[in-house]
Amino acid sequence: MGGSTFGTVFRVTTWGESHGRAVGAVVDGCPAGIELSERDVQRELDRRRPGQSTATTERREADTVEILSGVFEGLTTGTPISMLVWNRDARSSHYDAIRHTPRPGHADYTYHAKYGIRDHRGGGRASARETVGRVAAGAVAKKLLSEFGVEIVGYVIELGGIRASLPLWTSRGSIDREELLGIRERAESSPIRCPDADASARMLSLLESVRSEGDSMGGVVEVVAIGVPPGLGEPVFDKLDADLAKALMSIGAVKAVEIGAGTESARLRGSGMNDPIFYENGRISFERNSAGGILGGISTGAPILCRISVKPTPSIAISQRTVDLQSGESVDISVRGRHDPAIPPRIVPVAEAMVALVLADHLLRQRSARLR
C-alpha cells in the first residue's frame, strides 16, 4: 500500500488496521543519543486513547506501547525505532451487517474502488485507529524538538459552532511560553480539550444533545509551535507551510488547513497582512504574526500557527441512504458500533504529532543546508 510513509530525513511509516491484531509505527532517521522511553510515548498515546470521557467513543483500549527496537539503555541508537500497540477491544461483529454497504462519509467505497477488496471491520486502514502510529512517532519527534527548545500545544477552539474566547495569536509577534502552557493545562483538564471553561461546558452540553439524537458534529482545532528557529523549510515544493498542510490534511476527517491569518488573509489589505519587522535584543522580531511564522515557505522564528477544520464523525445512528455492492440495490443503513460523537477532542494530539513530525524533519534537513 503506497502512501504510508511520511518525511524525508525523519521518516515515519505507520501500519495496522482498526480491527487487526495491532497497530504501530517505524521511525527512521532519528539521531542517536536522545533520551527516549516507553513512558515518553505512552504519555502522548494516553491523550489520544479512546474511552476517556463521554465526549469520546466507548471503545476501551489501554493502548500500551512496546518499543521493539532503536532504543538501548534509554537512548536512541540511530537505528529504526519500531513501536507496537496491540488491539484488545475490537468488536468486529458490529460491522458484519454493513460488509457490502459503504457508509456515507466514510472511505468504504473509495477503498473498494481502488483495491477491489477492503477490511470492513471498523474501517480497516482508514480508521482513526491508524493515528496511534502517528502519535507514537510524534512523541519521538517531540523529544527531538525539545532538545532545541520547541514546544507544541494544540486545543479545540470551536465545536458545533460554539467558539471559544482565546488569544488572537496573529496579533502578536511572540507568545509567552508560560501563557501557552497555561492554555495547554486548561485544555487537557477539559473533556472537550477546550481551554475556555465556559465554552467547554456549552460544547459538552450540545455534544450530549447531538449524541442523544444519534448524530455528530465537527469543529476547529488550533496548533501552536513556539521556539521554532528561523530558516526551516525547503523551497520551492517542500515549503514548510506546504508540508504542514499536507501533514494535517493527511489526518482523516480534516477538510481544511489554515496557516496564520488563513482564510482571513483574503479579506485583508497588504498593510494589514504584512508583519512589520524590527530588532529586539539584536534579533529579528515581528510586531504581529499574520504569516503564522512562515514566509516564502521558510520559518521566520515567530510562532507557527495552524488551524484545522474537522468534519462531523461520519458514523452516525441516523438512517442514511447507500447501496449494496453485491445486489446493486439502494438500501438504508444506520451504523452500529462505538464512535466519537465529535472528533476534535481526540484529534488534538494527532494534529500536534503531525506538526512535530514536519518540524523534526525540516530541522534535520536544515542542518545539511549550510556550513555556517
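For this structure, a couple of remarks:
- Picking from residues in the stretch 142-155 that are out of contact with any strand residue (DSSP E or B) (no Cβ under 8 Å at 6 or more places or on another chain) and touching a residue at least 40 places away in the same chain (Cβ under 8 Å), the one that is most open to solvent (accessible area, probe 1.4 Å) is Glu147.
- Conditions (1) in contact with a Pro (Cβ under 8 Å, 6 or more places away or on another chain); (2) open to solvent by less than 30 Å² (accessible area, probe 1.4 Å); (3) of a type outside the set (A, V, I, L, M): number failed by Gly122: (1)
- Among the residues examined, Ala356 qualifies as in contact with a helix residue (DSSP H, G or I) (Cβ under 8 Å, 6 or more places away or on another chain) and open to solvent by less than 30 Å² (accessible area, probe 1.4 Å).
- The residues of the stretch 265-295 that are touching a residue at least 12 places away in the same chain (Cβ under 8 Å) and within 24 Å of the chain's Cα centre (by Cα), listed by number, are Ser265, Asn289, Ser290, Ala291, Gly292, Gly293, Ile294.
- Any hit, the stretch 360-367, residues being open to solvent by less than 40 Å² (accessible area, probe 1.4 Å), of a type in the set (Asp, Glu) and under 30 Å from Ala113 (Cα atoms): no
- Candidates Gly138, Gly154, Gly149 - the one that is over 26 Å from Thr5 (Cα atoms), small (Gly, Ala, Ser) and modelled with pLDDT of 95 or more: Gly149
- Within the stretch 189-215, being of a type outside the set (Lys, Arg), in contact (Cβ under 8 Å) with a residue 40 or more places away in the chain and open to solvent by 70 Å² or more (accessible area, probe 1.4 Å) holds for Glu208, Glu213.
For every residue, the table says whether it meets (1) assigned to a strand (DSSP E or B); (2) within 20 Å of the chain's Cα centre (by Cα).
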residue: Arg129; (1), (2): no, yes
residue: Ala137; (1), (2): no, yes
residue: Lys143; (1), (2): no, yes
residue: Ile157; (1), (2): yes, yes
residue: Gly173; (1), (2): no, no
residue: Arg193; (1), (2): no, yes
residue: Asp198; (1), (2): no, no
residue: Val210; (1), (2): no, no
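- Selection count, the stretch 1-20, where residues are of a type in the set (A, V, I, L, M) and open to solvent by less than 70 Å² (accessible area, probe 1.4 Å): 2
- Residue check for Glu35: open to solvent by 40 Å² or more (accessible area, probe 1.4 Å), acidic (Asp, Glu) and modelled with pLDDT under 95: no
- Where a residue in the stretch 18-45 is closer than 21 Å to Met354 by Cβ and its partner, wherever it lies, is polar (S, T, N, Q), with Cβ under 6 Å and at least six apart: Ser18/Ser127; Ala25/Thr14; Val26/Thr13; Val26/Ser82; Cys30/Thr76; Ile34/Thr76; Leu36/Thr76
The values are calculated or read from the model by the stated rules, or taken from the named source; none is laboratory data. Bear in mind that the values here come from a model prediction, so they are computed numbers and not experimental data. Glycine gets a Cβ as well: all are built from the backbone with ideal geometry, and neighbour counts include every protein chain shown. Areas reflect the complete protein model, heavy atoms only, side chains present, ligands, DNA and RNA absent. Shrake-Rupley method; radii C 1.70, N 1.55, O 1.52, S 1.80 Å.
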